[in-house]
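Here's a structure for you.
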Amino acid sequence: MGFDDYFKHSDGHRIGLDIHERLNFGPGFESNVVHENYIMMVEPGVYLSEKDDVRIEDDIWVAREGNE
């Protein structure tokens with residue numbers, strides 16, 4: 001069973017002065033390019049019904065030598 005039909009929004013976005021900065025990423029978005037020193041929220045969500053969903057949120061910093 002695949003979950004493709006249950007992803008209802010982007011896989012994440014950039015964090016800056018506002019919590020939801022432009023540059024959403026994931027399937028269906030034009031640009032999935034990130035740059036050094038971006039702080040990103042990675043938050044895929046699976047929405048099975050009105051009551052049943054799963055969301056995981058992780059913040060990452062895109063560093064020169066790798067992500068933290």
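Scan the range 11-53 for residues that are loosely packed, with under 10 Cβ neighbours inside 10 Å and either assigned to a helix (DSSP H, G or I) or charged (D, E, K, R) (or both) and jot them down.
Answer for the range 11-53, where residues must be loosely packed, with under 10 Cβ neighbours inside 10 Å and either assigned to a helix (DSSP H, G or I) or charged (D, E, K, R) (or both): ASP18, ARG22, GLU30, GLU36, GLU50, LYS51, ASP52.
Right, LYS8: loosely packed, with under 10 Cβ neighbours inside 10 Å and in contact with a Gly (Cβ under 8 Å, 6 or more places away or on another chain) or not? So that I can check it myself, show each step before the final result.
Values: loosely packed, with under 10 Cβ neighbours inside 10 Å: yes; in contact with a Gly (Cβ under 8 Å, 6 or more places away or on another chain): yes.
It is true that LYS8 is loosely packed, with under 10 Cβ neighbours inside 10 Å and in contact with a Gly (Cβ under 8 Å, 6 or more places away or on another chain).
Could you give me the residue pairs with C-beta distances under 9 Å whose first residue belongs to the range 54-65 and is within 15 Å of PHE25 (Cβ to Cβ), whose second residue is surrounded by 12 or more Cβ atoms within 10 Å (Cβ to Cβ) and aromatic (Phe, Trp, Tyr) wherever it lies, and which are 6+ apart or on separate chains?
Note: pairs meeting the criteria are ILE60/TYR38; VAL62/TYR38.
Out of the residues in the range 1-10 that are at pLDDT 75 or above and either under 14 Å from VAL42 (Cα atoms) or in a loop (DSSP other than H, G, I, E, B) (or both), state the one that is nearest to the chain's Cα centre (by Cα). Walk me through how you get there before you give the answer.
Step one: filter the range 1-10 for residues at pLDDT 75 or above, giving 2-10.
Filter again for either under 14 Å from VAL42 (Cα atoms) or in a loop (DSSP other than H, G, I, E, B) (or both), leaving 2-3, 7-10.
Values: GLY2: 19, PHE3: 16, PHE7: 11, LYS8: 12, HIS9: 9, SER10: 6 Å.
Ranking the qualifying residues of the range 1-10, first place goes to SER10.
Hey, could you check the range 29-54 for residues that are among the charged types (D, E, K, R) and modelled with pLDDT under 85 and say which is farthest from LEU17 (Cα to Cα)? Walk me through it before giving the result.
Narrowing the range 29-54 to residues among the charged types (D, E, K, R): 30, 36, 43, 50-53.
From what is left, the residues that are modelled with pLDDT under 85 are 30, 50.
Numbers: GLU30: 22, GLU50: 32 Å.
Among them, the one singled out is GLU50.
Of the numbered conditions (1) small (Gly, Ala, Ser); (2) over 14 Å from the mean Cα position of the chain (by Cα); (3) at pLDDT below 85, ALA63 fails exactly one; give the number of that condition.
Just one mismatch for ALA63, condition (3).
The values are calculated or read from the model by the stated rules, or taken from the named source; none is laboratory data. None of these values were measured; they are calculated from a predicted model. Neighbour counts run over all protein chains shown; Cβ positions are idealised from the backbone, glycine included.
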